[in-house]
Amino acid sequence: MSAFWIAVLGSSALAFLVKFLGASVPESFLSHPRILRINNLIPVALLTALIAVNTFADKTKLTLDNRALGMAAALALLIAKAPFPVVVVGAALTSALAYRLL
Amino acid sequence: MSVKRDSFSVSITVGAYGSAFGAAAVAADFSVLQACLLSLLLFSGASQFAVVGVIAAGGTPLNAIATSTLLGTRNGLYGLRLAPILKLRGFKRVIAAQITIDESTGVALAQNDENEMRKGFWYTGIGVFVFWNLFTLAGALGAQAIGDPSAWGLDAAVPAAFLGLLWPRLADRKSWVLAGFAILLALTLTPFVPAGIPIISCTLLAIIIGWRR
């Protein structure tokens, strides 16, 4: 089985397990304030790391290319309170333009 | 305010964004079928993008699974919060679990009485599921048709999507500090450890910063 299939099926199975278990365990088990705090911060940590790596890395090499310009556009659009699809499309268009010009 | 209208507008806006996922997945060399299966079976935006993002960054499948699952733990806590309101058993509980995501939980908890909460959960969960999957297919087919992903900026669409997901979570100083350290740690580790490890290592930062009030 290819890496892609393992990633697709494995992550899907675990995602469902997490959703289903959450609805099934007794409430006291997971409602400790520390667990809740950490759980709220995990997405911030992982999303930020994903942004950094998907923008400034190529495998294990650090790079600075057209994607960084795309991200600058995304950041500007978010600060200007643009809606979500506009942010993604704006970043893609900027990056594509930079890719053709650089 | 009608819960039906709330649910519908959330479903169509969030669902449309599935096209970005479909396109990003295909740009990262997933097949159209794999992109669609992620939306059908995994069905949690940030986790789906994480699978694609980790593999695109050169990470192993195990790494992709771990990152995506950690991002999905909040769905478990949503389920915990919703269980006493939904009061479900058997097959319905299985269906409800699959559509327990940010949006269905958000709309449900915004309602005033339990009956409206249940409606909000089901309408939004099913609505997002339908539109998200349709748009995933459209985005995946679109990306397949256009060839070189960099020429269309699709390589920047993935991190931009992550940034869009992260933005509303940067609500307090603690989150900003954590984000700053996560960028530093992830990029510092990148040249020295296998791809994918720098991402999941940042979980540790969340635990350290979240440990104390």
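Table for the structure above
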read-out	value
Cβ pairs under 6 Å, 6+ apart, first in region B:176-193 and more than 7 Å from chain A (Cβ to nearest Cβ), second among the hydrophobic types (A, V, I, L, M, F, W, C)	B:176/B:170; B:181/B:205; B:185/B:202
Residue list for region B:138-153, restricted to those being under 19 Å from residue B:33 (Cβ atoms) and part of a helix (DSSP H, G or I)	B:138, B:139, B:140, B:141, B:142, B:143, B:144, B:145, B:146
Answer residue from region B:186-213, given it is of a type outside the set (A, V, I, L, M, F, W, C) and in a helix (DSSP H, G or I) and is surrounded by the most Cβ atoms within 10 Å (Cβ to Cβ) among those	B:198
Number of the condition not met by residue A:36 [criteria: (1) hydrophobic (A, V, I, L, M, F, W, C); (2) outside the structural domain of residue A:96 (by TED's automatic domain parsing); (3) not in a loop (DSSP other than H, G, I, E, B)]	(2)
Test: residue in region B:30-44 that is crowded, with 23+ Cβ neighbours inside 10 Å, within 22 Å of residue B:206 (Cα to Cα) and in the same structural domain as residue B:142 (by TED's automatic domain parsing)	yes
Filtered residue count, region B:1-33, keeping only those that are part of a loop (DSSP other than H, G, I, E, B) and small (Gly, Ala, Ser)	3
Filtered residues of region A:1-40 (kept if within 13 Å of residue B:61 (Cα to Cα), modelled with pLDDT under 95 and either within 7 Å of chain B (Cβ to nearest Cβ) or under 20 Å from the mean Cα position of the chain (by Cα) (or both))	A:3
Qualifying residue in region A:35-55 (condition: closer than 21 Å to residue B:56 by Cβ, touching a residue at least 24 places away in the same chain (Cβ under 8 Å) and of a type outside the set (Asp, Glu))	no
Hits in region A:46-72 - residues which are closer than 12 Å to residue A:95 by Cβ and either more than 7 Å from every other protein chain (Cβ to nearest Cβ) or touching a Ser or Thr at 6+ places or on another chain (Cβ under 8 Å) (or both)	A:65, A:66, A:67, A:68, A:69, A:70, A:71, A:72
Subset of region B:34-58 (residues that are part of a loop (DSSP other than H, G, I, E, B) and touching a helix residue (DSSP H, G or I) at 6+ places or on another chain (Cβ under 7 Å))	B:43, B:44, B:57
Filter result for residue A:43 (farther than 20 Å from residue B:152 by Cβ, more than 8 Å from every other protein chain (Cβ to nearest Cβ) and not aromatic (Phe, Trp, Tyr))	no
Region B:56-68, residues that are surrounded by fewer than 24 Cβ atoms within 10 Å (Cβ to Cβ) and out of contact with any Lys or Arg (no Cβ under 8 Å at 6 or more places or on another chain)	B:60, B:61, B:62, B:63, B:66
Of all residues making up region B:147-174, the number that are in contact with a helix residue (DSSP H, G or I) (Cβ under 7 Å, 6 or more places away or on another chain) and under 19 Å from residue B:72 (Cβ atoms)	7
Residue within region B:152-164 that is more than 7 Å from chain A (Cβ to nearest Cβ), closer than 21 Å to residue B:30 by Cα and at pLDDT below 90 present	no
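Table: residues versus (1) within 22 Å of residue B:198 (Cβ to Cβ); (2) more than 7 Å from chain A (Cβ to nearest Cβ).
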| residue | (1), (2) |
| --- | --- |
| B:29 | yes, yes |
| B:35 | no, yes |
| B:47 | yes, no |
| B:52 | yes, yes |
| B:64 | yes, no |
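The values are calculated or read from the model by the stated rules, or taken from the named source; none is laboratory data. This structure is a prediction, so every number in the text was calculated from the model and none was measured. Don't worry about glycine lacking a Cβ; one is built from the backbone with ideal geometry, like all the others, and counts go over all protein chains shown.
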